[in-house]
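K.L.:
After the structure tokens below, expect a handful of questions from me.
The values are calculated or read from the model by the stated rules, or taken from the named source; none is laboratory data. All values derive from a computational prediction rather than experimental measurement. Positions of Cβ are backbone-derived with ideal geometry, glycine not excepted, and every protein chain shown enters the neighbour counts.
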Amino acid sequence: MSFTKNLKKEVMEKENGKQCCEVAELAGIIAFSSSIKNGYLKITIENRMVARRIAHQLKRLYGVQAGIEVKKQGGVRKDDAFIISVASYKDLLERLRLFRENICFPDELLTRDCCARAFLKGAFLGGGSVANPEKRYHLEFVTHYREIGYAFVKFFERMDIAAHEVQRRGLFVTYFKDCDVICDVLAAAGVNNGVMDIYEVKVVKEKKNELNRLNNSECANICKTAKAAADQRICIEKIVKTVGIDILPESLRKLAEMRMKYPEEGLAQLGQRLNPPIGKSGVNHRMRKIIEISKRY
């Protein structure tokens, strides 16, 4: 079962409790799953349980008898589509406050917080989808209606949630890419267990990224140290081959010999091997002098 299907299953396990919220939920579902074609309101769902829920709500709330047509989708990964057709749809849309002179957003239904959340729940059931958080963070709501899509962004603004919008192949998409914002939206829609799953994935991903950063940093430091040590050995070998190491002052000669003996050690480790030991900055200072001397020959 896909990640989105799991979340929608959780949403449907929670009853609205109030009839006003049921109406708001149905309005949300229809606003984000329907289109008007050939004189019919076509409600298209890719989830059998949601389709049955819609048919049940239509009958119980408005006495609308609606059968469910199953349409096979093309492609191996695509699920069947379940289509509910309503002939006399204007009266239904008017009662759901989705239609006045044209398709519109049902602000009149959403004056209560509980109804606003129920509408969001319906919008998610009707046209919402969530990417698997292990791959990426993405939540979107898709509708056929321009007015619904534009007003939905304003709907989220009233909830202090920043939403983005885009038009894609004639559809109007409201989307979110920030993990915390996605979780806020899903929590408002009643997807509490799903939110916990997303945060759990986020924590694991952040820990992995942190370990990768540390490993990359450690590897970079090792490479940097190895390159510096190789360059130092080249300079010392140049001095040995041209004029001999004995031209170096004793403090520099001892450090040069130590570098040739321990080619992979860092400056701090070399400093501890000297007698008396010196710190990393002291070793670095002496090594720069050796390199300057090598440039003369």
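K.L.:
Conditions first: (1) at pLDDT 90 or above; (2) farther than 28 Å from R146 by Cβ; (3) over 35 Å from the mean Cα position of the chain (by Cα). L61 passes all but one, so which condition is the exception?
P.N.:
Every listed condition holds for L61 apart from (2).
K.L.:
The conditions are (1) assigned to a loop (DSSP other than H, G, I, E, B); (2) farther than 26 Å from V153 by Cβ; (3) of a type in the set (F, W, Y), and F105 fails exactly one of them. Which is it?
P.N.:
Only one criterion is unmet by F105, namely (2).
K.L.:
Working only within the stretch 18-42, note down all residues that are aliphatic (A, V, I, L, M) and assigned to a helix (DSSP H, G or I).
P.N.:
Those that are aliphatic (A, V, I, L, M) and assigned to a helix (DSSP H, G or I): V23, A24, L26, A27, I29, I30, A31.
K.L.:
Being without any contact (Cβ under 8 Å) to a residue 12 or more places away in the chain, farther than 25 Å from V185 by Cβ, surrounded by fewer than 21 Cβ atoms within 10 Å (Cβ to Cβ) and assigned by TED's automatic domain parsing to the domain that holds C114: is that true of K42 here?
P.N.:
Numbers: without any contact (Cβ under 8 Å) to a residue 12 or more places away in the chain: no; farther than 25 Å from V185 by Cβ: yes; surrounded by fewer than 21 Cβ atoms within 10 Å (Cβ to Cβ): yes; assigned by TED's automatic domain parsing to the domain that holds C114: yes.
Here the answer is no, as K42 does not meet what is asked.
K.L.:
Criterion first (surrounded by fewer than 24 Cβ atoms within 10 Å (Cβ to Cβ) and within 27 Å of R112 (Cα to Cα)) does R48 satisfy it? Please lay out each step first, then the result.
P.N.:
Details: surrounded by fewer than 24 Cβ atoms within 10 Å (Cβ to Cβ): yes; within 27 Å of R112 (Cα to Cα): no.
When the stated conditions are applied, R48 does not pass them.
K.L.:
Name, by its number, the condition in (1) in a helix (DSSP H, G or I); (2) under 16 Å from L125 (Cα atoms) that does not hold for V173.
P.N.:
Condition (1) is where V173 drops out.
K.L.:
Hey, does the stretch 71-83 have a residue that's of a type in the set (A, V, I, L, M), in contact with a strand residue (DSSP E or B) (Cβ under 6 Å, 6 or more places away or on another chain), surrounded by fewer than 20 Cβ atoms within 10 Å (Cβ to Cβ) and part of a strand (DSSP E or B)? Explain how you work it out, then say what you get.
P.N.:
Just the residues of the stretch 71-83 that are of a type in the set (A, V, I, L, M), to begin with: 76, 81, 83.
Checking the rest, the ones that are also in contact with a strand residue (DSSP E or B) (Cβ under 6 Å, 6 or more places away or on another chain) come to 81, 83.
From the residues that got through so far, the ones that are surrounded by fewer than 20 Cβ atoms within 10 Å (Cβ to Cβ) too are 81, 83.
Filter once more, keeping what is part of a strand (DSSP E or B): 81, 83.
Within the stretch 71-83 (the criterion being of a type in the set (A, V, I, L, M), in contact with a strand residue (DSSP E or B) (Cβ under 6 Å, 6 or more places away or on another chain), surrounded by fewer than 20 Cβ atoms within 10 Å (Cβ to Cβ) and part of a strand (DSSP E or B)), the answer is yes, since at least one residue qualifies.
K.L.:
Search the stretch 15-28 for residues that are closer than 12 Å to L58 by Cα and pair each with any residue that is β-branched (V, I, T) and modelled with pLDDT of 90 or more when their beta-carbon atoms are under 8 Å apart and the residues are at least 6 apart or on different chains.
P.N.:
Short answer, once both residue conditions are applied: L26/I54.
K.L.:
Here is a further query. Considering only residues that are among the aliphatic types (A, V, I, L, M) and touching a Leu at 6+ places or on another chain (Cβ under 9 Å), look in the stretch 264-277 and name the one that is surrounded by the fewest Cβ atoms within 10 Å (Cβ to Cβ).
P.N.:
The first filter runs over the stretch 264-277 and keeps only residues among the aliphatic types (A, V, I, L, M), leaving 267-268, 270, 274.
Keeping just the survivors that are touching a Leu at 6+ places or on another chain (Cβ under 9 Å) gives 270, 274.
Numbers: L270: 23, L274: 15.
Selected residue: L274.
K.L.:
Using beta carbons and a limit of 8 Å, which pairs, at least six apart or on different chains, have the first residue in the stretch 65-77 and in the same structural domain as Y89 (by TED's automatic domain parsing) and closer than 15 Å to A51 by Cβ and the second one assigned to a loop (DSSP other than H, G, I, E, B) and modelled with pLDDT of 85 or more?
P.N.:
Here the result reads Q73/E46, each pair linking the stretch 65-77 to a residue that is assigned to a loop (DSSP other than H, G, I, E, B) and modelled with pLDDT of 85 or more.
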